[in-house]
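Every number here is computed from the coordinates shown, using simple stated rules; none is lab data. Owing to the predicted nature of the structure, the values given are computational and were not obtained by experimental measurement. Virtual Cβ from ideal backbone geometry, glycine too; neighbours counted across all protein chains shown.
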Amino acid sequence: MKQIDAYSYQCGVMDCFSEMVKAGLKRIALSHPSASKELRDQYVPFAQMISEKYQIHFYLDDDPLITDLFPASMNKNTYNIIFYKDEKDIEEYKTLKKLKAKSVEQHEYDTYRFEIAYRFGKLLSYSDETIQNYIQNNDEKE
């Protein structure tokens, strides 16, 4: 079997998710997290090209939202590209980040942590069952 280089693989993932966003199957879609800003930024020209192709937008996230939806180490201290079609969806993402920061600051995160993870899952267009399953089976919560 022919080997696929990492850059081409990541571009394929972003293209697929971008098409899903355009089709309305996902409200937002995440690229795979990058370990550094420089590594993530090498994909920006491709993100621009596919965003134009699919008539969607992208957002460079230097501080990803960490929730109980995914293992903390998967996104902690990483850099991401978020694809979206409607401005309200990226604003919802930013609102969730602010809600988390405020609840952590006020020592109320335990009260809001399920809601934040659930709403994040909904932004990713996951079903209620999938969100519940991801949260319950996440052994690496923050």
Worksheet item: Once every DSSP H run of n ≥ 4 in the chain is given -39500 (n - 2.57) and the sum is divided by its residues, what mean residue ellipticity at 222 nm do you get, rounded to the nearest 500 deg cm²/dmol?
Response: -17000 deg cm²/dmol
Practice prompt. Among (i) 14.9, 48; (ii) 14.3, 44; (iii) 15.4, 53, find the value of Rg and Dmax of the Cα atoms in Å that was calculated from the structure presented, and write down its label.
Written response: (iii)
Discussion item. If you take every residue apart from residue 92 with its C-beta less than 12 Å away from the C-beta of residue 92, what net charge results, scoring Lys and Arg +1 and Asp and Glu -1?
Written reply: +3
Practice prompt. Rank 22, 88, 97 by mean-square fluctuation in a GNM of the chain with C-alpha springs under 10 angstrom and give only the top-ranked residue.
Written response: 88
Worksheet, complete the sentence: In terms of the alpha carbon gyration tensor, root eigenvalues a ≥ b ≥ c, rounded if a/c is under 1.5 and otherwise prolate when a/b exceeds b/c or oblate, the range 17-66 is oblate
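Hey, fewest Cβ within 10 Å first, where do 16, 11 land in order?
Going from sparsest to densest Cβ surroundings: 16, 11.
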Practice prompt. Using the structure shown, select from 97/141; 22/100; 102/141; 37/97; 2/141 the pairs with a Cα to Cα distance greater than 25 angstrom.
Written response: 22/100; 2/141
